[in-house]
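Trainee: Okay, handing you the structure first.
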Amino acid sequence: MEANKPANQAVPDRGALRLFHFPLRFQNIMQFQQALPTLGNQYEDDLVLRSYLKRSVPADVLREIKPTLVEMGRLAGGDLYQMQLADRLNEPTLTQWDAWGNRIDWIELTPLWRVAERIAAEHGVVATAYEQKHGRFSRVHQCALAYLFTPSTDIYSCPLAMTDGAARTLLGSGNQALIERAVPHLTSRDPKEFWTSGQWMTELTGGSDVGTSETIARPDQSQHWLLYGRKWFTSAATSQIALTLARPEGNPAGGRGLALFYLEMRDEQGRLRNITIDRLKDKLGTRKVPTAELTLDGTPAQLVLGTTDGVRNITPVLNLTRLWNGISAVSLMRRSIALALDYAQRRTAFGALLSEKPLHMDTLAGLQAETEAAFHLAFLVAELTGRAETKEIDEEQRLLLRLLTPLMKLTTGKQVVAVVSEALEAFGGAGYVEDTGLPMLLRDAQVLPIWEGTTNVLSLDALRVLVADDRALHALKAEVSRCLVSVHDDRLAEPARIVQSAMAHAESWLAKARNAGTLVLEAGARRLALTLGRATELALLCRHAQWSQENEGNGRATVAARRFATSAINLLTAADL
Ligand code: MFK
């Protein structure tokens, strides 16, 4: 079967220009000026988010949550965005010694992050998912808040994601003492009570192969556990608590021999509990995130649930942070396009506004289509997560969630880097100049395919799910079929055909590759995963497009679906087998 054309050879779709509607005031040619892009209310301006919520959330729920989204949209496009620009050159600092020679290892956050922490707590960017005022829709509500909040706070989503993951993991652990001790703080709306959590997994042996972790857990004389080891890449090291892995002495090698521990970083006097912060990482992006190398030298910790199976027990954290990763990816895509679109309506070149230049707008239309597709996949995982949390999930949906979480994370992780990179080009040289604040978007985007499982690690995770239980692929096929069954419009017929063809190819490839053996299966796992991810995105986009035509009288999403369908959906090639 022939794969679709790669994205950069996509046939320009004149209809794609209709993805954007400009108010009349922007249609007059302005005099030349080197205009800076500005942002309006990021909820009000986001046609995709608003339309999606209208379809997927009951009207009474939407009425109740809308004011919180309008307010977050106002902050994200206003005060927070201005603060973010002003904070651009600030970075967290580590002071290891005080003036009198005492080891203090104090990390000072930047002003933006201090404000972000307060706003995140007050607006319930974590808490909303736990208060469950709107049942399973609370997770969608929370993800919508996170989506609006993230692009203006320089990856403050990192500590929030881990905090969310820790709260869910503790609640699921049944460890009542830890639940009572930590969860009220992790889900608090009071900034003075609010705690964040770290997720200390990565050691020198690897961020992916976590089972090789070398940190040892030893009971002291009172049978309290103490941890000894080096945590090599600990994000947001200012958190009050952390979930971490260590091997109880004498346990076997591998992930099963690790145990999941809870620890509090500081004692009542504010001193670190036998932890030294060796240095902060010097990273390409996420420069506001104080990522540290830590040495644990007898750090007191408590078992969360049992002395083994640490890797399996920490996976609830991973699955939630992977959801956050996808939401962050679509939010950065959205932000880069919002800025590029605004700029296109201000910047004149060759005698006209960029927004009147067909090629410029065609380029942005391609990015918009990619972003809309990613959006629907990320929010489908949010919906399923909400179902799982309120136990309104059947076995098929549970398998779908398990499969879609890695597929969504890896697919959106690739999309965000491509979209943000192209969006920067839409500013010409300005996109390459630091004090526009634009290059930071690309640097921050680049972490999203890496942390929380690289594209390859997650492709293998998805493959494992597909191979372990045939019902997983059936669940995905059923979801895609449900999407396509609702699609009647002639203009969506070809996109729907592309979805069906890609899904059929993926299924036959998987069957043949299983017969061919592990080498073939693993070598093709990334192409399989991206094919499934992109085909699902297109199916979801088609469903939304049909709904939007019928319920909003709007053909905009149809244009996006047609445009996305011209990009590479099926990445499997004949050479794969
Ligand atoms: C902006 C938002 C993002 C926020 C970012 C926060 C910053 C934090 C930065 C970081 O911490 S980055 C580090 C993150 N690290 C990873 O994401 C680890 C990536 N590696 C993997 O995911 C590997 O696949 C894995 C470590 C899980 C493999 O380890 P093992 O020791 O080979 O375990 P194994 O045997 O694959 O899995 C153990 C069990 O867990 C198995 O179940 P059983 O014990 O019943 O057989 C697996 O089926 C199960 N499992 C694995 N992954 C799972 C899972 N179960 C549910 N969901 C999953 N995702």
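All of the numbers you see were taken from the coordinates with simple rules; none came from a lab. Computed from a predicted structure; not experimentally measured. Note that we place each Cβ from the backbone using ideal geometry, even for glycine, and neighbour counts take in every protein chain shown.
Trainee: Semi-axes of region 197-313's equivalent ellipsoid from the Cα gyration tensor, sqrt of 5 times each eigenvalue, largest first, rounded to whole Å? Spell out each step's value before the answer.
Mentor: Values: eigenvalues 96, 63, 25 Å².
One finds semi-axes of 22, 18, 11 Å for region 197-313.
Trainee: Tell me, Kirkwood radius of region 56-195 from alpha-carbon pair distances, in Å?
Mentor: Values: mean 1/r = 0.0607 Å⁻¹.
Evaluated over region 56-195, this radius sits at 16.5 Å.
Trainee: Let me check I've understood the local charge: for F194, count other residues with C-beta under 10 angstrom from its C-beta, Lys and Arg +1, Asp and Glu -1. What total comes out? Before the final figure, lay out each step's value.
Mentor: Values: positive: R118, R189, K192; negative: E117, E122, D190, E193.
That works out to -1.
Trainee: Per-residue counts of other Cβ atoms within 10 Å, averaged by peptide: what ranking do you get for 207-213, 100-106, 259-265, highest first? Let's see the in-between values first.
Mentor: Working: 207-213: 17.9, 100-106: 11.4, 259-265: 22.7.
The densest-packed peptide leads the list: 259-265, 207-213, 100-106.
Trainee: Cα axis of helix 470-485 to longest principal axis of the chain: angle in degrees, 0 to 90, nearest 10?
Mentor: Roughly 30 degrees between the two axes.
Trainee: Give the dimensionless ratio obtained when the Cα radius of gyration of the chain is divided by 2.2 N^0.38 Å.
Mentor: Values: Rg = 23.8 Å, N = 577, 2.2 N^0.38 = 24.6 Å.
Expressed relative to 2.2 N^0.38 Å, the Cα Rg reads 0.97.
Trainee: Ranked from highest to lowest mean number of other Cβ atoms within 10 Å per residue, what is the order of the peptides 56-68, 523-535? List each step's numbers first, then the result.
Mentor: On the way: 56-68: 14.7, 523-535: 23.9.
Sorting 56-68, 523-535 by mean packing, highest first, produces 523-535, 56-68.
Trainee: Quote the Stokes-Einstein diffusion coefficient, in whole µm² s⁻¹, for region 399-490, based on the Kirkwood radius over alpha carbon pairs, a temperature of 10 °C and a viscosity of 1.306 mPa s. Write down the numbers at each step before the final one.
Mentor: Details: Rh = 15.5 Å.
D = 103 µm²/s.
Trainee: Sticking with this one: For the chain, take the longest principal axis of its alpha carbons; what is the angle in degrees between that and the long axis of helix 310-344, to the nearest 10 within 0 to 90?
Mentor: Once rounded, one gets 40 degrees.
Trainee: Something else about it: Return the whole-Å distance between the Cα centroid of region 338-397 and the Cα centroid of region 484-553.
Mentor: Computed from Cα coordinates, the inter-centre distance equals 19 Å.
Trainee: For region 362-516, place one equal point scatterer on every Cα, skip the solvent, and apply the Debye formula. What is log10 of I(q)/I(0) at q = 0.09, 0.13, 0.16, 0.19 Å⁻¹?
Mentor: -0.38, -0.76, -1.05, -1.28
Trainee: Then there's this: How would you order 392-404, 506-518 from highest to lowest mean count of nearby Cβ atoms within 10 Å? If you can, show how the numbers build up before the last one.
Mentor: On the way: 392-404: 18.3, 506-518: 15.8.
Ranking the peptides 392-404, 506-518 by packing returns 392-404, 506-518.
Trainee: Given the alpha-carbon gyration tensor of region 469-577, what are the semi-axes of its equivalent ellipsoid in whole angstrom, ordered largest first, with each equal to the square root of 5 times an eigenvalue? Walk me through the intermediate numbers first.
Mentor: Details: eigenvalues 170, 36, 17 Å².
Semi-axes from the Cα gyration tensor: 29, 14, 9 Å.
Trainee: Take the alpha carbon gyration tensor of region 504-567, find the square roots of its eigenvalues, order them as a ≥ b ≥ c, and report rounded if a/c is under 1.5; if not, report prolate when a/b exceeds b/c, else oblate. Don't jump to the answer; show the numbers that get you there.
Mentor: Details: a/c = 4.81, a/b = 3.46, b/c = 1.39.
Note, shape of region 504-567 comes out prolate.
Trainee: Turning to a different aspect of this structure: Are any of the pairs K283/K357; K66/K409; K66/K477; K231/K288; K54/K409 more than 29 Å apart by Cα-Cα distance, and if so, which?
Mentor: Values: K283/K357 37 Å; K66/K409 27 Å; K66/K477 33 Å; K231/K288 19 Å; K54/K409 24 Å.
In this structure, K283/K357; K66/K477 exceed 29 Å between Cα atoms.
Trainee: Around L572, which amide H atoms from residues at least 5 apart in sequence, or from another chain, sit under 5 Å from its own amide H, with H modelled in the peptide plane?
Mentor: Under 5 Å from the amide H of L572 lies no amide H from a residue far enough along the sequence or on another chain.
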